[in-house]
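Enquirer: This is the structure I have questions about; it appears just below.
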Amino acid sequence: MPFARRQLTSPDAAVARAGACRAAFRVAGTTFDLWSSGDISFELEECVRAFAVQPEAGEVRIQVRWSGELKSPSGEPLFHSGGVWSLFEEPDGCRFYFSTPQLGRIPYKTAWFDPAFRHGEVALFRPYFDANLPIYPLEYPLDELVMIHRLAAGEGVEVHAVGIVDRSGRGHLFLGHSGAGKSTTARLWQSQPNTTVLSDDRIVLRVQDGRTWMYGTPWHGDAGIASSACALLSHIYLLEHGHQTELSPVSRGRAAAELFARSFVPHYSKSALEFTLSLLDQIAERVPCQVFRFLPDRSAVEAICRAAQ
């Protein structure tokens, strides 16, 4: 039976029951409030714990439950990841299905969300789990998928980048695909005094009152760096390997295109694409962007500090 919104239990009612479980975390100003009203026990994954907050009526409220029967979806998916998850449209929202050949044809988890990603339900196929061990219901990639869809509804965008807050409080965004030098950049800055590395792989950008903010996320890269802090964005850099450390200016049009090429967007949603393209154009107009070719040593940090003065 499709999950109906009117069947949702309120988190306040759930926690009043014996055996109820509740947890919350906050990323880029969005609080994820998880709760169960049954005998399921869950906890936040290690990479998310630094973002934990006291449970409250968050922007995204998700009920968690066991299921004794999860059926494989019928029809064509809206999107298939090529991995463990696929996405299907439903009359009152959308549903993610998670499955793996190692467990069989039955999905091990489904997750329904309303169109605005404000309310959701995660159902876990009980025979596949050890009920005596706590579970993280939004196990990656579901937590990031929810964030990406929530942002694309008009709130911001997640990009493949390193976020650095220097000792003067300026925010520097280093964009790069895998292998461009993001982890190296993060490690170089990590050793600098009074400097914060927000993330070595995933950064959320939001525009508020005409200013662009960048936020750390739990979804780190090889360097394993993640911070719940944020900062105003001052400069954007496109990472490239080079024979010397140098900076070259980039046009607004190219800056917007490079940001989009490194963004995480639900490409199957026309409204999400339109919003994201508009947002990135605003950011490219307001924040200077440069190509940054660098050697993997202290000269890379010194060049950015000199240019930012």
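Enquirer: Going by what's in this entry, would HIS172 be described as out of contact with any Leu (no Cβ under 7 Å at 6 or more places or on another chain), over 30 Å from SER41 (Cβ atoms), in the same structural domain as ASP297 (by TED's automatic domain parsing) and crowded, with 17+ Cβ neighbours inside 10 Å? Can you show your working first?
Expert: On the way: out of contact with any Leu (no Cβ under 7 Å at 6 or more places or on another chain): yes; over 30 Å from SER41 (Cβ atoms): yes; in the same structural domain as ASP297 (by TED's automatic domain parsing): yes; crowded, with 17+ Cβ neighbours inside 10 Å: yes.
When the stated conditions are applied, HIS172 passes them.
Enquirer: Within the stretch 240-258, can you find the residues that are surrounded by fewer than 14 Cβ atoms within 10 Å (Cβ to Cβ) and either farther than 17 Å from PRO288 by Cα or touching a residue at least 40 places away in the same chain (Cβ under 8 Å) (or both)?
Expert: Of everything in the stretch 240-258, those that are surrounded by fewer than 14 Cβ atoms within 10 Å (Cβ to Cβ) and either farther than 17 Å from PRO288 by Cα or touching a residue at least 40 places away in the same chain (Cβ under 8 Å) (or both) turn out to be HIS241, HIS243, GLN244, SER248, PRO249.
Enquirer: Say we look at the stretch 177-191 and pick out the residues that are farther than 10 Å from PRO296 by Cα and part of a loop (DSSP other than H, G, I, E, B); which of these is farthest from the chain's Cα centre (by Cα)?
Expert: Among residues in the stretch 177-191 that are farther than 10 Å from PRO296 by Cα and part of a loop (DSSP other than H, G, I, E, B), the one farthest from the chain's Cα centre (by Cα) is SER191.
Enquirer: Here's a check for you: in the stretch 286-301, which residue that is surrounded by fewer than 21 Cβ atoms within 10 Å (Cβ to Cβ) and in contact with a helix residue (DSSP H, G or I) (Cβ under 6 Å, 6 or more places away or on another chain) is farthest from GLY171 (Cα to Cα)?
Expert: PRO296
Yes/no matrix, rows are residues, columns are (1) at pLDDT 95 or above; (2) at negative phi:
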position: VAL162; (1), (2): yes, yes
position: GLY181; (1), (2): no, no
position: TRP189; (1), (2): yes, yes
position: ARG202; (1), (2): yes, yes
position: GLY216; (1), (2): yes, yes
position: ASP222; (1), (2): no, yes
position: LEU233; (1), (2): yes, yes
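Enquirer: A follow-up question, please. What tally of residues in the stretch 182-229 results from selecting those that are in contact with a Leu (Cβ under 7 Å, 6 or more places away or on another chain) and more than 18 Å from LEU279 (Cα to Cα)?
Expert: 5
Enquirer: Further question: Sort out which residues of the stretch 86-143 are touching a residue at least 24 places away in the same chain (Cβ under 8 Å) and of a type in the set (Ser, Thr, Tyr), and write them in order of number.
Expert: TYR97, SER99, TYR108, THR110, TYR128, TYR136, TYR140
The values are calculated or read from the model by the stated rules, or taken from the named source; none is laboratory data. Note that the structure is predicted; figures quoted are calculated from it, not measured. Here the Cβ is made from the backbone with ideal geometry for all residues, glycine too, and neighbour counts use every protein chain on show.
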